[in-house]
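Below you'll find the structure, written out as structure tokens, and then a few comments.
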Amino acid sequence: MNGTMIAFSGKGGAGKTTTTAMMLRHLIRIGQKPILAVDADPNATLALTLGVEPGGTIADLRDKMGEAAASDSSVPKDRLMNQYLAEVLEEHDGFDLLTMGRPEGPKCYCYVNGLLRRYLSLLRHNYAVVLVDCEAGMEYMSRLVVDDIETLVLVAEPSPIGLTTIRRIYELSESLNLKVGRRVVAVNKVPPTGAGAAREKLAGLDKLERIIEVPLDPDLAGRCTRGEPVDAQAGTVARAAIDELTRTALGQAAVITRN
Ligand SMILES: Nc1ncnc2c1ncn2[C@@H]1O[C@H](COP(=O)(O)OP(=O)(O)O)[C@@H](O)[C@H]1O
Ligand SMILES: [Mg+2]
């Protein structure tokens, strides 16, 4: 299997996790499988957003390996590592979930990040689609857990600051040596009054495949406030846009709707 890798990036609060969860729900709905969801944000919230129990993380593995090294275990390190990695890969209804977790310090960060990167490059071949909810901001781009992405979804609120951030992440993704098949902007939480000057603000980004507007969905906002998950019923207002985003991210042609 090829493992179509779709990564979600953008400023904190833009809606990366919600959009990842909504696309996952949509992929399940259309019968896409198997799917792997990866929470690569140290501030992990994808499990919570999906309403599943947060399990073990790649960051925990570091401690486990340390403990194993301290004991005189006869099991080879590689085998132990593979066993631990398999344990943190959680099976859920319709998808598997892998959580990076929060490493303790900068050095640990590189270690855990490297571990996730290596594991993912192997694991992606077991899945039809891999969705990666990335860390907020731009710094992570240089140490992105994936360097061969089919689609980079840049999620932004329709505000000048949100769109400026997206422009910078786009430019950074071009300057780094990343293999990115297509870049798509999801202008998220668009109010009924429209996305304002979002399209003009994003003008001149040559390799931008599409700009898709995802409406502000009161159900999604309400669920977050009430601590309810993005389940199969969530976000009916945003759904058509998520469908469009999913098609684009998978490289499928847009559906032409006739009146
Ligand atoms: N399309 C949407 N409509 C309404 N609220 C949304 C939408 N997308 C995200 N939100 C809300 O925005 C907030 C931040 O979303 P989240 O996905 O956690 O952002 P990020 O992962 O980028 O930090 C949450 O309260 C979430 O419910
Ligand atoms: Mg998030």
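The values are calculated or read from the model by the stated rules, or taken from the named source; none is laboratory data. In this text, all values refer to a predicted model and were calculated from it rather than measured experimentally. Using ideal geometry, Cβ is built from the backbone for each residue, glycine included, and neighbour counts are taken over all protein chains shown.
The table below lists the values:
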{"item": "Filtered residues of the stretch 172-206 (kept if surrounded by fewer than 15 Cβ atoms within 10 Å (Cβ to Cβ), more than 22 Å from Glu244 (Cα to Cα) and in contact (Cβ under 8 Å) with a residue 12 or more places away in the chain)", "result": "Glu174, Leu176, Asn177, Lys179"}
{"item": "Complete set of residues in the stretch 35-52 that are more than 10 Å from ligand 1 (Cβ to nearest atom) and aliphatic (A, V, I, L, M)", "result": "Ile35, Leu36, Ala37, Val38, Ala40, Ala44, Ala47, Leu50, Val52"}
{"item": "Test: residue in the stretch 236-253 that is of a type in the set (Gly, Ala, Ser), at pLDDT below 95 and within 21 Å of the chain's Cα centre (by Cα)", "result": "yes"}
{"item": "Residue match in the stretch 4-11 (condition: part of a helix (DSSP H, G or I), within 13 Å of ligand 1 (Cβ to nearest atom) and surrounded by 23 or more Cβ atoms within 10 Å (Cβ to Cβ))", "result": "no"}
{"item": "Selection status of Leu120, under 16 Å from the mean Cα position of the chain (by Cα) and surrounded by 18 or more Cβ atoms within 10 Å (Cβ to Cβ)", "result": "yes"}
{"item": "Evaluation of Gln32 against (1) in contact with a strand residue (DSSP E or B) (Cβ under 8 Å, 6 or more places away or on another chain); (2) free of Cβ contacts under 8 Å to residues at least 12 places away in the same chain (one fails), failing number", "result": "(2)"}
{"item": "Residues (under 22 Å from Thr4 (Cβ atoms) and away from ligand 1 (no atom under 13 Å from the Cβ)) located in the stretch 192-247", "result": "Lys207, Leu208, Glu209, Arg210, Ile211, Ala232, Asp243, Glu244, Thr246, Arg247"}
{"item": "Within the stretch 17-124, strands (runs of 3 or more DSSP E) holding 3 or more residues that are under 30 Å from Ile212 (Cα atoms) and within 16 Å of ligand 2 (Cβ to nearest atom)", "result": "35-39, 95-99"}
{"item": "Set Gly114, Gly137, Gly101: member being surrounded by 20 or more Cβ atoms within 10 Å (Cβ to Cβ), of a type outside the set (D, E, K, R) and under 30 Å from Ser173 (Cα atoms)", "result": "Gly101"}
{"item": "Residues (over 17 Å from the mean Cα position of the chain (by Cα), closer than 30 Å to Arg29 by Cβ and of a type in the set (A, V, I, L, M)) located in the stretch 65-109", "result": "Leu85, Ala86, Val88"}
{"item": "Of the criteria (1) over 29 Å from Ala156 (Cα atoms); (2) touching a residue at least 24 places away in the same chain (Cβ under 8 Å), which one Lys64 fails", "result": "(2)"}
{"item": "Pairs where the first residue, in the stretch 223-247, is on the phi > 0 side of the Ramachandran plot and the second is assigned to a helix (DSSP H, G or I), C-beta under 7 Å, 6+ apart", "result": "Gly235/Met22; Gly235/Asp219; Gly235/Leu220"}
